[in-house]
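To keep things clear, I will list the structure first and then write my remarks on it.
Here, each number is a calculation from the coordinates, and none is a lab measurement. Please read these numbers as outputs of a predicted model, since none were measured by experiment. Don't worry about glycine lacking a Cβ; one is built from the backbone with ideal geometry, like all the others, and counts go over all protein chains shown.
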Amino acid sequence: MKIRFDEFEVDLSSGELRRGETKIRVQEQPFKVLTILLERPREVVSREELKKRIWPAESFGDFDHAVNVAIAKLRMAMGDSAEDHKFVETIPGGATDSWWRLSNRRKSKRPIW
């Protein structure tokens, strides 16, 4: 199944992200984050949901760091940033939690879907 948003195309069956004709390399965990965000565009996804869906059986010391790294790698692959996001928006959720969503904050008025 292929999903298009803005200039990107995600092929869920092959695990590929493309910008136009160019294949963008995305590691497994950041790609999983992207697929979860794509399931509910513009809706928030919690850190806890990412943990349950991406790392359900694993227990390791710094899960928060693992999520932050996966989000950062996804943003890097998409040419996005936390400070001036175009696609992956962080929504602060207090001292220990954050949520993310695919956003439509772009300079152009063209929708991302």
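List every residue pair whose Cβ atoms sit under 7 Å apart, with the two residues 6 or more apart in sequence or on different chains, where the first one lies in segment 18-32 and is farther than 12 Å from MET78 by Cβ and the second, anywhere, is in a helix (DSSP H, G or I).
Pairs found: GLN27/LYS73; GLN29/ILE54; GLN29/ALA70; LYS32/ILE54.
For segment 69-96, how many residues meet the condition of being buried (at least 17 other Cβ atoms within 10 Å of the Cβ), of a type in the set (Val, Ile, Thr) and assigned to a helix (DSSP H, G or I)?
Looking only at that region, the number is 1.
Which number in (1) among the small types (Gly, Ala, Ser); (2) closer than 17 Å to TRP99 by Cα; (3) more than 13 Å from the chain's Cα centre (by Cα); (4) not in a helix (DSSP H, G or I) marks the one condition that ALA66 misses?
(4)
Taking only pairs six or more apart or across chains, which ones have beta-carbon atoms under 9 Å, a first residue in segment 33-57 that is outside any helix (DSSP H, G or I), and a second residue that is of a type in the set (Gly, Ala, Ser)?
ARG42/SER103; VAL44/GLY93; SER46/GLY93; SER46/SER98; TRP55/ALA66
State all residues of segment 23-46 that are within 19 Å of GLU9 (Cβ to Cβ), crowded, with 18+ Cβ neighbours inside 10 Å and not aromatic (Phe, Trp, Tyr); if no residue qualifies, say none.
Matches in segment 23-46: VAL26, PRO30, LYS32, VAL33, LEU34, LEU37.
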